[in-house]
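None of the figures in this text is laboratory data; all of them are computed from the coordinates on show. Computed from a predicted structure; not experimentally measured. Ideal geometry is used to build each Cβ from the backbone, glycine not excepted, and the neighbour counts take in all protein chains shown.
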Amino acid sequence: MIVLALDDTKPVTREDISWQTWVGNGRNRWYDKHQLVVYDNGRSGFLGEHSCMDGTPTLRMNEFVLASLAQNKADLGAATPTNPIPPVNELAFELTPPVLSLIEGSEKRFDELVAQHDLHVLHYEGFGKNFTKHHRTSPDATAQLIKQLAFHKMFGRPGVTYESAQTRKFQLGRTEVIRSASSESKAWAEAMLDPKITDPIHLRSLFQRAAARHIQYATWAADGQGVDRHLFGLKKLLKPSEPLPSIYTDPAFPATSHWELSTSQLSSPYFDGWGYGEVVPDGYGLSYAIGDDYIRWTITSLKRRTADLRHYLAEAATEVKNMLQAAEKKEEVAGKSKL
């Protein structure tokens, strides 16, 4: 079921539209259903209910509709109906005092929850699939490494990172975790921040190692060789009377599953942004899309310096772009000097 929500607001910017689609004012949202939200100025958004469906099929459904409209393939019917339209009947809800009290309490809790959140969008142009492919590196790995560098800049260490991988090649498969932070990404980020290390070719070599490791992790996850869903499934198989195996009580287990960066990529030329909330109180929701010539991040958090992370993402993206260009230029100069 898809609910059509008609809002009387007029959001314009990416951040305004993202915020309104995500939460609105809480009075015209049905979070147990998929929702198509249409605003008073003709803009629109889609709010997906995640339990039954992941991002990829939701993306394909919306792309089908938007592409059909863009290519004039959708039959919108006649401007005036040829058959009588049944009258619209208002559904009159019986709002008793106990129900009104519940609604009032829900509104208060919603407002308090939303007031704690923050959302920022970074649309970084001049750095997308075309640029990364020119430099023979993976666009997704590049976006993930930019996030790691930004987190190092902000906190001085790697961030525990979740990236969703599709496992739909398997029957009933949904997702597995790509653990994007690695020893290789840590070594590269630390080198980027070390003022003594200035050779762009050396930095690019570390970057390529980190990107290769990310691709390996992503391949393992998509092939069902990840660890998180496997361990989750084993834990759910335990009977109430069975003791919890020591791996689940080891302090390393919750520490390495405390997703400070909850990341996922959905890219489409028909979308102007997308996102979701953080999954731990001290973490960030960090959705992203990669176009031909841009990377766009939507950053959410419980007001944990969200604007600062946006700044560091832009700074990290610029430094990665400059590093790759400098390494290429240095190789070209070295090649000419040998002629």
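Between Thr82, Ser51, Ser101, the Cα set farthest toward the positive side of the dipole of the stretch 1-117 (charges on each charged residue's Cβ, about the Cα centre) is that of Thr82. From least to most packed, judged by other beta carbons within 10 angstrom and beginning with the fewest, Leu66, Leu47 follow the order Leu66, Leu47.
A simple charge model with +1 on the Cβ of Lys and Arg, -1 on the Cβ of Asp and Glu and nothing else charged puts the dipole of the chain at about 1200 debye relative to its Cα centre. The ranking of Ser106, Ser268 from fewest to most other beta carbons within 10 Å of each one's beta carbon is Ser106, Ser268.
Report which label in [x] 30.0; [y] 22.0; [z] 25.0 holds the value of mean projected area of the Cα convex hull in nm² derived from the coordinates of this structure. Entry [z].
Helical runs assigned H by DSSP (4 residues or longer) give the chain a calculated mean residue ellipticity at 222 nm of -14000 deg cm²/dmol, each run adding -39500 (n - 2.57) before division by the residue total. What is the list of residues in the stretch 208-237 whose amide nitrogen lies under 20 Å from a point 7 angstrom out from the Cα of Thr249, following Cα to Cβ? Counting only backbone N, you get 231-237. Full extension of the chain segment joining Tyr270 with Asn41 gains 80.6 nm, where the gain is 0.36 nm per residue of separation less the Cα-Cα distance. Expressed as a fraction of 2.2 N^0.38 Å, the value expected for a compact globular protein of N residues, the C-alpha radius of gyration of the stretch 7-133 is 1.39. Can you tally the net charge around Thr56? Count Lys and Arg as +1, Asp and Glu as -1, for every other residue whose Cβ sits under 10 Å from the Cβ of Thr56. Around Thr56, the charge tally is +2.
A DSSP coil position with no more than 14 other Cβ atoms inside 10 Å describes the following chymotrypsin sites (Phe, Trp or Tyr not before Pro) in the stretch 263-339: Tyr270. Annotation: Cα Rg of the stretch 226-339 relative to the compact-globule expectation 2.2 N^0.38 Å equals 1.60. Rounded to the nearest 0.05, the FRET efficiency derived from the C-beta distance between Leu91 and Asp292 at R0 = 35 Å is 0.15.
Look at Ile299, Ile247 and count the other Cβ atoms within 10 Å of each Cβ; fewest to most, that gives Ile247, Ile299. Checking every one of the GluC sites (Glu not before Pro) in the stretch 26-134 against DSSP loop status and a limit of 15 other Cβ atoms within 10 Å picks out Glu90, Glu94.
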